[in-house]
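Q: I have a structure here, written as structure tokens, and I will follow up with some questions on it.
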Amino acid sequence: MNGPAEPSPLGFLWRLITYSPWRYLLAASAWAIFHLWPLLPGVLGKLLFDVLEGRAPAGITVWTVVAVAVGAGLARCVAIVGATVAWAGWYLRARGLIQRNLLALVFRKPGAQPLPAAAGENISTLRDDSDAIAMMGGWGFDMMSGLIFAGGGLAILLSVDVQVTLVVMAPLAVVLVLAQLARARAYRIRVRSRAATAQVTGTIQEIVSATRAIKAAGREREVVARLRRDNEARKTAMIRDKVQSLAIDSVFNSTASIGSGLILLLAAGRMRSGEFTTGDFVLFSTYLMQVADYTSFMGYLVRTYQQARVSFVRAAAMLPGTPSRTLVEHHPLHLREDASLTTAPPEPEPLRELEVRSLTHVFPGSGRGVREASFTLRPGTVTVVTGSVGSGKTTLLRTVLGLYAPQDGEIHWNGERVDAPGDFMVPPRVAYTPQSPALLSGTIRENVLLGLPDDGRVERAAALAVLGPDLERLGGGLDTEIGVRGVRLSGGQAQRTAAARMFARDSALLVMDDLSSALDVETEQELWRRIFATSATCLAVSHRPALLERADQVLLLKDGRIVAAGPLAELLRTSPDMRTHYRPAPPTRSRQCHV
């Protein structure tokens, strides 16, 4: 498997254990009692027959044995309840920590930089591999309990008969050899099954996001056929994975059972010769089966450990350039309290000036991007970035916002240098609406608020975004379900829903990438009229003549560089490039109300 160096699963597990150590210790202790309890029935069985044969120590009666059995049974029930509760608490926290760290690393990346794997692969890692890694937490105390049980059982059996007991070691040795031989194959098959699952997840995600395009092209049959092929491949991979697991487990069980049968034959011969008492035979036969069961259980643990390594490697692959230990760094999960109350950022100071100095981001290979862009924004002004297609307008906005990592240059907010634009240029300082906004399944209200309190701001934001007439036609108003990625909305409605989300943040700076590209003329004019009426500070990409005319500052880009900057009237006098680019709209009746 190509990829980063494989991290140490045991090191990961130790970090997970220490995240909630008392829960883990309680779960481990309780499960250890559960696993070790089978040692008691054999001892009690021997003691019972010794009492019946008159060989028991003085003071031990049948009722003593019954009392101990009842007390031990009740203790085991309590241990099971305690183990279940403690394990559930630890497991949920361990899985939540892994998912929290993976998502934090995803959010920390520049927003426009893609993840190293496809969407289906990433979803599968967050969903399936985080679960597999957390489940491995039980591997430690299961393995330890199994070793203690097997060791205790063997010690008791050795005290009965050394020669016969040594035969018990043969199945264990066979199981360990088989587990080692199956290691590489188990790993490869688990990799394939995980990859097939990720492929199906990715295909479903692509189908859902491209429903309109599929319908418009009339390719429903082909899309369904592709999904069927991916599902068949996944089914084959998953069946192979499951069959291999069952085959390995059956070999473990069969090997242990054959060894147990041979040992029982030897023990029966010893009884005929009078070397075994009835109590010894009860003790021996009880422990033989239990030790045999735990021998196969140890094989199961070894097999699942090898398979779980796949999940560790896949999770680490989502963190290129980041130490793999970041996956299990300790952070609060806020399971009992509202995180927004404990981590609320301080109110930022109002924007007095945003200065961009020689900002550069060039895409490797193509050489396209922005170079040495410099400009200044002042509060209450509107700056419009314009230029021909491919001149770098969107790249400039995304680099200012930190969605692309700046390769050179500086950004200063109120005179202070911004070292991490991706973390700094966010609400409530800056709110952004891209040309193709991302909407989530749910209602318009939920998409506008995205976690903000519903204190009336959504109505104000919707009004500012000129959503009122559309909300009336939609029937459900702000509570209209918009479908996956806003599939039930038109392009203009989706843009204005995203604009309302931006307005609801009450940010000091509004950044808009061709906000009105999908709007009709009248709606566009009304939207910009309302934005100008707020005296908001705006940085917008647009080629609309009416907006260029009202802008306080126009930045003209050509081949990734700002070749002219200033009010439109001034640029038309001084810049040949602006005179070539600017095409005033013809005076038509539909454009009587200018922004």
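Q: Give the order of 575, 130 when sorted by the count of other beta carbons within 10 angstrom, beginning with the fewest.
A: So the residues, fewest neighbours to most, are 575, 130.
Q: Can you put 412, 543, 361 in order, fewest other beta carbons within 10 Å first?
A: Sorted ascending by nearby Cβ count, the order is 412, 543, 361.
Q: Ordered by residue, what ³J(HN,Hα) values in Hz, to whole numbers, does segment 391-403 give under the Karplus form 6.51 cos²θ - 1.76 cosθ + 1.60, where θ = phi - 60° and Gly and Pro are x?
A: Rounded to whole hertz, the list is 7, x, 5, 5, 4, 4, 4, 5, 6, 4, 7, x, 6.
Q: Need one number for segment 354-591: average projected area of the convex hull over its C-alpha atoms, nm². Don't skip to the end; give the middle numbers.
A: Details: hull surface 54.6 nm².
In nm², the orientation-averaged hull projection of segment 354-591 is 13.6.
Q: Let me ask something else about it. Going by amide H atoms built from the backbone, whose H comes under 5 Å of the H on residue 564, apart from near neighbours?
A: 556
Q: Under 13 Å Cα to Cα from residue 46, which aspartates and glutamates show up? Leave out anything in the same chain fewer than 8 places away.
A: The reachable aspartates and glutamates, counting only those whose Cα sits under 13 Å from residue 46, are 280.
Q: Continuing with the same structure: Per Stokes-Einstein, at 10 °C and 1.306 mPa s, what whole-number D in µm² s⁻¹ belongs to segment 310-460, with the Kirkwood radius over Cα pairs as the hydrodynamic radius?
A: Estimated diffusion coefficient is 84 µm²/s.
Q: Summing +1 for each Lys or Arg and -1 for each Asp or Glu, what net charge is found among the other residues whose Cβ lies under 14 Å from the Cβ of residue 537?
A: Values: positive: 352, 378, 429, 505; negative: 349, 353, 355, 506, 552.
Taking every Cβ under 14 Å from that of residue 537, the sum is -1.
Q: Could you grab the relative contact order for segment 447-593? Cα pairs under 8 Å, six or more apart, rounded to a whole percent.
A: RCO, segment 447-593: 19 percent.
Q: Using the Karplus curve 6.51 cos²θ - 1.76 cosθ + 1.60 with θ = phi - 60°, what ³J(HN,Hα) values do you get for each residue of segment 557-564, in whole Hz, with x for Gly and Pro?
A: Along segment 557-564, the couplings run 9, 8, 6, x, 10, 7, 9, 7 Hz.
Q: Take every DSSP beta bridge whose two residues both sit in segment 354-591, then give the antiparallel share in percent to the nearest 5.
A: 50
Q: Can you list residues from other chains, or at least 5 along the same chain, whose modelled amide H is less than 5 Å from the amide H of residue 432?
A: HN-HN under 5 Å from residue 432: 511.
Q: Under the rule of at least 5 residues apart or a separate chain, name every residue whose amide H is placed under 5 Å from the amide H of residue 403.
A: Counting only residues 5 or more places away or on other chains, the set is 111.
Q: HN-Hα J couplings of segment 26-35 from phi, Karplus 6.51/-1.76/1.60, θ = phi - 60°, integer Hz, Gly and Pro as x?
A: 5, 5, 5, 5, 5, 5, 5, 4, 4, 6
Each value in this text was obtained by applying a stated rule to the coordinates, not by laboratory testing. Given the structure is predicted, the values throughout are model-derived calculations rather than measurements. Counting neighbours? That spans all protein chains shown, and the Cβs are built from the backbone with ideal geometry, glycine included.
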